[in-house]
1. If each of A:Glu220 and A:Ile192 carries a label point 7 Å out from its Cα toward its Cβ, how far apart are those two points in nm?
2. So the label point goes 7 Å from the Cα of A:Ser210 along Cα→C-beta, right? Which residues of segment A:86-108 then have their backbone N under 15 Å from it?
3. Which whole DSSP H helices in chain A pass both tests: a Cα extent of 27 Å or more along the axis and a mean Kyte-Doolittle value no lower than 1.6?
4. How large is ³J(HN,Hα) for each residue in segment A:179-188, as worked out from phi by the Karplus curve 6.51 cos²θ - 1.76 cosθ + 1.60 (θ = phi - 60°), to whole Hz, x for Gly and Pro?
5. What are the residues whose amide H is under 5 Å from the amide H of B:Val140, where those residues sit 5 or more places off or on another chain and H is modelled from the backbone?
6. So which cysteines in the protein assembly as shown don't have a second cysteine's C-beta under 4.7 Å from them?
7. Using only the Cα atoms of segment A:2-220, build the gyration tensor, take square roots of its eigenvalues as a ≥ b ≥ c, and label the shape rounded, prolate or oblate: rounded if a/c is under 1.5, else prolate if a/b is larger than b/c, else oblate.
8. Using a 1.4 angstrom probe on heavy atoms only, work out the carbon and sulfur share of the accessible area of segment B:205-327 in %.
Amino acid sequence: MKLLVCIKQILDPEIPVRDFSIDREKLEADSANANQVTNIFCENALETALQLRDSVGESSITVICFGRESAEDSLRKALAMKADEACLVMNDLNHTPDSATTAHVLASAIESLGSFDLIFTGRESGDWGNGQTGAYLAEELKVPYLPFVDDIKQTDKGFEVRRQTESGWERYGIPASSVVTITNSDHNLPRIPKTRDIMMSHRKTITRVSFEDLKIRKDELNPQSDSVRPVKLFVPEKESACEFIEGENLNAKIDQLADKIMEIRSTL
Amino acid sequence: MSETSGNGSDILCVLSSNEWDRSAEGLVGAGRLLSDKTGGKLIAVTLGEWQDSALKQLGARCHQVRVGQTQVSVSGGIESMLDYLVKLAEEIQPASILFGNGTVEEEISPRLAFRLGGSSIGDAQALTISNNRIQVTRSVYGGKATAVMELQKSPAVVWIRSRAFPPAGPLPQSGSFETTVIQETSPESIELLQHHEDASEGVSLEEATMIVSGGRGLGGPEPFEDLKALAATIGAEMAASRAACDAGWVPHSWQVGQTGKKVTPELYLAVAMSGSSQHMMGITDARNIAAVNTDPDAPIFKHCRFGIVEDYRNVIGPLTEKLKSRKK
Ligand SMILES: Cc1cc2nc3c(=O)[nH]c(=O)nc-3n(C[C@H](O)[C@H](O)[C@H](O)COP(=O)(O)OP(=O)(O)OC[C@H]3O[C@@H](n4cnc5c(N)ncnc54)[C@H](O)[C@@H]3O)c2cc1C
């Protein structure tokens, strides 16, 4: 079985608010003061694929990333987590392309790599958070699509998957070659690679693919050709002055807390 | 202005929740906001089984209601539903197609945009039109920034935070109705095998006016039982941070935030959670936020109206007792 996992490298989403600033020229976050990391949902996706491979055996996992030079680190980490192959589709554009363009580039690259039994993406990214790449990718490849998946088993007809809904979950049967997007759950927390595997990952080759290789005309990819583009980006101001409840002792403080809660409740 | 580039000036609102609730009101309100600007018609598209009384509310507020009667359940018949919406959009040539927030809406929007050669974006908190193009305001970078995104290809397919939009009043004249039975056009490649609803007693989190929410600092599933007792005393619903859900302490349907529910209560009581920007994305429209946290520098306090710096273990039990006696 051949599995493909699409991963994205993003600015560390867990940096404190005070370290976050905006590049007004490029209309994106300043990358100077923060690390680049693999998007968490992409790591959940890789973990889900690794568990599927472990359960069926005789399978290989390819990770693919459309990203900058620095994305090599994310691919190395995926190899250290024990993915089999890695492919970097080099993004040397002057802007950050939208989800539709990203999916279009990924689809061309995937077609050049061959066919896969299941294609994984994260449900959304921690930077722009559009949550659309998986859907566009399925449309580009003309294959079935199911988002918010958190568990996958192989069956004789394809796969049986569980997906989260607003109010619970559903189980679906999906055919081979589908695109699924993966969400976090208590059983797909990404594994920590072993030191030995991290060392080994540096000996593996990462296949590099350029726009030219994919016969995509780079000069046709620009902010104006994207279907969606940012026209403003700013840090919202929304701090409110918190009243810290003080008092003689804990009992008095909790009394005040109760009063304040009842006060709000009485307005309902 | 008379039209947005490419398509016509009509606005489609697709309603799949089959209820006239605050969410449907907000979706129609958002549609009206746009149709008032484009000068086009506001057309409601309903999916699923709708009560006559709910359809009447829609008819009063829209120029036209297209009732799509589905044989199959919404989540089971995505392909046929997409085919139906593509056909409808090709006939009407709308400037924009709006959806509410939900699993199915999020799944469908980009696929519909792709098939119509349009553009799509989600989680819209505000909508405007500039240079004949729809612009969407949304939180990005896990809530650390706000972006205005321009949808450059028409139709603009957008799923919105419905409850963030003001409801629209009735139009001078009620709209016309047209009913279509949605046929099973494409074979469903995906088969629904089982549907599970997490146990919940009260109203949905989105409709809740009081919410008690727990985070990683609770350290395990047991303290959530104490929070439940507290919530029950004041008639609040339960929620959690992603850290608590990921740990398996509570179901994922409790998660609030960027990738969880967006809630709008009068009171959101955050217990033992730090207030990460991603979590805050789910409670930007809460009227009052209060917190119990041992760390006075926890970011949650920056968003609170009031708070108490204390170990939750010393607070929750006595607080529940005090609230019980005050209710009497
Ligand atoms: C792409 C992306 C999407 C995300 N989406 C979401 C989302 O939708 N929702 C979400 O919640 N998170 C989301 N996150 C995760 C988010 O970044 C945080 O990791 C998470 O919200 C932290 O949860 P927490 O506040 O419970 O835990 P922590 O940040 O660990 O905070 C625990 C808090 O408990 C306090 N505490 C500890 N012990 C006690 C005690 N005894 N009494 C009182 N207080 C105590 C501590 O002082 C601390 O402030 C997302 C992250 C990413 C990258």
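1. Result: 4.7 nm between the two label points.
2. A:88-93
3. In chain A, no H run is both long and hydrophobic enough.
4. Values, residue by residue: 9, 10, 9, 10, 10, 6, 8, 6, 10, 10 Hz.
5. Amide H neighbours of B:Val140, under 5 Å, 5+ apart: B:Ala145, B:Thr146, B:Ala147.
6. A:Cys6, A:Cys42, A:Cys65, A:Cys87, B:Cys13, B:Cys62, B:Cys245, each lacking another Cys Cβ under 4.7 Å.
7. Verdict is rounded for segment A:2-220.
8. Of the solvent-accessible surface of segment B:205-327, carbon and sulfur hold 45 percent.
The values are calculated or read from the model by the stated rules, or taken from the named source; none is laboratory data. Note that the structure is predicted; figures quoted are calculated from it, not measured. Note that each Cβ is placed from the backbone with ideal geometry, even for glycine, and that neighbours are counted across all protein chains shown. Note: accessible area is taken over every heavy atom of the protein model, side chains too, but ligands, DNA and RNA are not part of it. Shrake-Rupley method; radii C 1.70, N 1.55, O 1.52, S 1.80 Å.
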